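The values are calculated or read from the model by the stated rules, or taken from the named source; none is laboratory data. As the structure is a computational prediction, the values presented were derived from the model and not from experiment. Don't worry about glycine lacking a Cβ; one is built from the backbone with ideal geometry, like all the others, and counts go over all protein chains shown.
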Amino acid sequence: MNTAPAVLEDKKYWDGHIKAFKASSLTCKAYCKEHSIDFNRFSYRYYKGKNKKPTALIPVSVLASPDRSNELCRIEISGGHSVLIYDAAVLDQLLKRLV
């Protein structure tokens, strides 16, 4: 029976290990082995935080019944929904954020 105390693997726990790993000269695998951390779980947390990009909202107006002849762009979303863009400035902002 395993009697090792349970470790709370919260954000603080992972942030501390990620910070220590970055300060070390070890490879990810070596760091995990030295600290008895599961390599796959550490890698998930490490790359999850690394790929986060700050998000910003683009102001939009919701039209009850838009004139579809002025539609500049249509973005199809899962579930049968779509976003229709009528304002060139909004389309420009959206494209800048996507590229």
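In the list Arg74, Arg45, which residue meets the criterion of being more than 21 Å from the chain's Cα centre (by Cα), at pLDDT 75 or above and among the basic types (Lys, Arg)? First the steps, then the outcome.
Working: Arg45 fails: more than 21 Å from the chain's Cα centre (by Cα).
Going through Arg74, Arg45 in turn, just one is more than 21 Å from the chain's Cα centre (by Cα), at pLDDT 75 or above and among the basic types (Lys, Arg): Arg74.
Give me the pairs, please: first residue somewhere in segment 21-45 and in contact (Cβ under 8 Å) with a residue 24 or more places away in the chain, second residue anywhere and assigned to a loop (DSSP other than H, G, I, E, B), beta-carbon distance under 7 Å, and either six or more positions apart or on two chains.
Hits for this filter: zero, empty list.
Can you pull out the residues in segment 8-25 that are at pLDDT 90 or above and aliphatic (A, V, I, L, M)?
Result: Ile18, Ala20, Ala23.
Pairs needed: first member in segment 64-79, within 18 Å of Leu94 (Cα to Cα); second member anywhere, among the basic types (Lys, Arg) and not in a loop (DSSP other than H, G, I, E, B); C-beta distance under 9 Å; at least 6 residues apart or different chains.
none
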